[in-house]
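Undergrad: Quick one: the structure is below, and I'll ask about it shortly.
Taken together, the values in this text are just the output of simple stated rules run on the coordinates, not laboratory data. Values in this document were obtained by computation on a predicted structure and should not be read as measured data. Ideal geometry is used to build each Cβ from the backbone, glycine not excepted, and the neighbour counts take in all protein chains shown.
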Amino acid sequence: MKQLTSRTRTSPVGPVIELAGDLDHHTAPEVRALLPDVVLAPGQLLVIDLGGLTFCDSSGITVLIAARNHALAARAGIALAAVPDRVSRIFRIVGLDHVFRTHATAQDAENTWTPPAD
C-alpha cells in the first residue's frame with residue numbers, strides 16, 4: 001500500500017486537486033474530507049489530477065463521484081486529468097467514462113474549459 005498524498009491548488013478556472021498514491025478504502029475518507037473545503041463558484045471547473053495515482057478501488061471511485069456531486073451542487077464542472085490506464089479501463093467497464101470528462105493533463109483540462117452559458 002502506497003500512502004496517498006493530496007495537494008490542492010488554484011488555477012484560473014478553479015481548484016485543482018492532485019492525488020498521488022493509493023486511493024482505496026483506507027484513504028478515500030481523507031479525500032472526501034477535503035471536499036467541503038474546496039470552494040467552487042458557479043461556472044468554475046474542479047480538476048482532479050490522477051497522474052500520481054498508483055491504485056484505485058471502488059471506495060476511490062465512490063469518492064470521485066462524491067467530488068462530482070460537490071461540483072454539480074456548486075453549479076460547476078468537473079474533469080479528471082492524467083487518468084492512469086488501469087483506472088480508465090475500470091471507468092470504461094462500469095460506464096463512468098460517460099460521466100467524467102477526462103484530459104491528458106490538468107493544464108489541458110484548464111485550457112479547454114468553457115463554462116456553460118446561463
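Undergrad: Considering only segment 107-118, state which residues are β-branched (Val, Ile, Thr) and either touching a residue at least 60 places away in the same chain (Cβ under 8 Å) or in contact with a strand residue (DSSP E or B) (Cβ under 8 Å, 6 or more places away or on another chain) (or both).
TA: Listed by number, the list holds a single entry, 112.
Undergrad: Quick one: would you say residue 99 is farther than 25 Å from residue 2 by Cα and of a type in the set (A, V, I, L, M)? Reasoning before the result, please.
TA: Working: farther than 25 Å from residue 2 by Cα: yes; of a type in the set (A, V, I, L, M): yes.
Yes; evaluated as a whole, the condition is true for this residue.
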